[in-house]
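The numbers here are math on the coordinates, done by the rules we state, and not lab data. The shown structure was predicted, so the numbers you read here are calculated from the model rather than taken from an experiment. Every residue, glycine as well, gets a Cβ built from its backbone with ideal geometry; the counts of neighbours run over all protein chains shown.
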Amino acid sequence: MAETPHEEGGKRRRVVPAPGKPPARVRMSAAQRREQLISIGRQIFAERGFDATSIEEVASRAKVSKPVVYEHFGGKEGLYAVVVDREVRSLLDRITTALTAGHPRELLEQAALALLGYIEEETSGFRVLVRESPVLSATGNFSSVMNDVAHQVEHILGAEFSSRNYDPKLAELYAQALVGMVALTGRWWLEVRKPRKETVAAHLVNLSWNGLSHLEAKPGLITAGGR
């Protein structure tokens, strides 16, 4: 709308019309609001951990009232469970999808790179998994994911042990040791971020593969007798 000139005391005065109403806010659908709250909860849980996170802060960042959060998740525990479940499935899917090679050494490389890649690209999600979890969450955390991965590695090692005349019953022990080594290294690398992930994976595989390549069929302790 054009400005309208008016005569006042022999002088022309320009009158600016009142601004129109601001556009109405687009209301989120229930599904969109739920996704927004999950994303915000994921970030806060990563920053503060479960105990220090509050529904008040989640609601404040989402610019909604606390009842909206309760309506979607029933409380902090419900939101946490959804966030963790998504991260568990994301990490496990990434690792299982990566295990495509037939050679055991390549499988080790793929598993190590998949975990380090998840840490690099989904840092907040990884922080949620490795932070302390509430007592009510006995499963659905980083430990349970690593156990699932270890079971897959156990099957691979079991076949390899049998072909080399090692006791296949020990495959579970070695699988837990290998996966635990990669997982703990990953938690360390989360903070330092160097060297680059390919170098970290190469050294992990170097240690594990060259160790596995020279296994003793019946290892013993030099310090037998507790000396």
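Remarks
- In the set K194, K169, only one residue is exposed (fewer than 14 other Cβ atoms within 10 Å of the Cβ), under 26 Å from A46 (Cα atoms) and either in contact with a Gly (Cβ under 8 Å, 6 or more places away or on another chain) or among the basic types (K, R) (or both); that residue is K194.
- Within the stretch 199-214, being surrounded by fewer than 13 Cβ atoms within 10 Å (Cβ to Cβ) and either in a loop (DSSP other than H, G, I, E, B) or under 19 Å from the mean Cα position of the chain (by Cα) (or both) holds for one residue alone: H214.
- Test: residue in the stretch 81-88 that is in a loop (DSSP other than H, G, I, E, B) and closer than 22 Å to G117 by Cα: no
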